[in-house]
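S.K.: To start, I am sharing the structure in question, which I have written as structure tokens.
The values are calculated or read from the model by the stated rules, or taken from the named source; none is laboratory data. Remember, predicted model here, so these are calculated numbers, not experimental data. Cβ atoms come from the backbone with ideal geometry, glycine included; neighbour counts cover every protein chain shown.
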Amino acid sequence: MCRLILIRHEMSVGNLTHTFAGKEVKLATIGKLRTKNTRREFNKLKLKNPIFIASEYKRAQETAKYVLQKKYYEKLRVTKYVNEIDFGDLVGRTFKENIEHYGESLNEWMLGPDRTAPPSGESFQNAFKRVKIFLDKIKLYEGDIVVFTHEGFIQLVLGYENKKIKTQKIKNGKIKIVNIR
């Protein structure tokens, strides 16, 4: 059995400014400080034959660096399959700025994200396809797969069985464990 250990990145600059963040957004100073708490929780886990993965986003990789430290960080693999949902043209703006810019078309995406995508972004249907590829690749692994990722990806994994994104809030730095059979 594969134990999937999902760790949401710590507080980023985008989280603080309530901005849709792209790949280059880094951890905020408070996020770097809070990685100590995440590392403490991570160190309580009894890992079995672990593999370490991070998304292509800097904030996830930085969280991995602070949590894993030298002991495991050199074993970190980076993959697009665990990336955040691609918010397309919304990136770099706050929600309010995007409402002003896109108006009703943004409301259409917010109310029915499973039917449409943000402008130049990724639909939930396509994101679920990416999650399926990832889960299919890991399901036969005997051990732990530790993934440094994003709220959207974690919500997709938690809702995968029903093909519905789980809308529960996943706090920065929190760890969720899912058994994959």
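Residues checked against (1) out of contact with any Phe, Trp or Tyr (no Cβ under 7 Å at 6 or more places or on another chain); (2) modelled with pLDDT of 95 or more:
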position: Ile30; (1), (2): yes, yes
position: Asn37; (1), (2): yes, yes
position: Tyr66; (1), (2): yes, yes
position: Lys70; (1), (2): yes, no
position: Tyr81; (1), (2): no, yes
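S.K.: Now a separate question. Could you list all residues from the range 1-29 that are over 28 Å from Gly121 (Cβ atoms) and without any contact (Cβ under 8 Å) to a residue 60 or more places away in the chain?
M.R.: The one that is over 28 Å from Gly121 (Cβ atoms) and without any contact (Cβ under 8 Å) to a residue 60 or more places away in the chain: Thr29.
S.K.: Let me ask another. Out of all the residues in the range 146-160, is one or more part of a loop (DSSP other than H, G, I, E, B) and more than 16 Å from the chain's Cα centre (by Cα)?
M.R.: No, the range 146-160 contains no residue that is part of a loop (DSSP other than H, G, I, E, B) and more than 16 Å from the chain's Cα centre (by Cα).
S.K.: Pull out all pairs, ordered by first then second residue, where Cβ-Cβ is under 9 Å, the residues are six or more apart or on different chains, the first lies in the range 53-75 and is assigned to a helix (DSSP H, G or I), and the second is crowded, with 17+ Cβ neighbours inside 10 Å and among the acidic types (Asp, Glu).
M.R.: Note: pairs meeting the criteria are Arg59/Glu10; Ala60/Glu84; Glu62/Glu10; Thr63/Glu10; Tyr66/Glu10; Val67/Glu10.
S.K.: Having 3 or more residues that are at pLDDT 90 or above and of a type outside the set (A, V, I, L, M, F, W, C) is the bar; report the helices (runs of 4 or more DSSP H) wholly within the range 87-139 that clear it.
M.R.: So the answer is 95-102, 124-138.
S.K.: Taking the conditions exactly as written (within 27 Å of Asn43 (Cβ to Cβ), surrounded by fewer than 17 Cβ atoms within 10 Å (Cβ to Cβ) and touching a helix residue (DSSP H, G or I) at 6+ places or on another chain (Cβ under 7 Å)), does Tyr73 satisfy them or not?
M.R.: Spelling it out, Tyr73 is indeed within 27 Å of Asn43 (Cβ to Cβ), surrounded by fewer than 17 Cβ atoms within 10 Å (Cβ to Cβ) and touching a helix residue (DSSP H, G or I) at 6+ places or on another chain (Cβ under 7 Å).
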